[in-house]
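One structure is given here, and the rest of the page talks about it.
Nothing in this text is a laboratory measurement; each read-out follows from the coordinates by a stated rule. Remember, it's a predicted structure, so these values are computed and weren't measured experimentally.
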Amino acid sequence: MKFKVGDLVRNTHEHRVINPGRPLKNGEDIGIVLEIVGASRADGGAGYPQLKVGTPNGITLWWPSVTEVISEGR
């Protein structure tokens with residue numbers, strides 16, 4: 001997986017051009033990766049990893065396939 005904790009990421013699900021001066025209404029288009037979570041089949045997950053992302057509105061899970069790295073963490 002190309003993501004790591006501390007990366008600044010953008011959710012591309014909305015297919016909108018990034019504009020930091022005017023974020024999406026819900027404020028969840030940009031965030032920081034806090035953890036890479038592997039969903040296990042035992043707890044009902046499909047076995048696909050997700051990204052736990054901190055956004056201005058709180059912590060949420062994003063699918064890696066609709067997320068891109070804006071700036072890599074150090």
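Structure above, values below:
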{"item": "Placed amide H near residue 73: partners under 5 Å, 5+ positions off or other chain", "result": "7, 8"}
{"item": "Built amide H within the under 5 Å cut-off of residue 29, gap 5+", "result": "24"}
{"item": "Fully extended contour minus Cα-Cα distance, from residue 12 to residue 69, at 0.36 nm per residue", "result": "19.5 nm"}
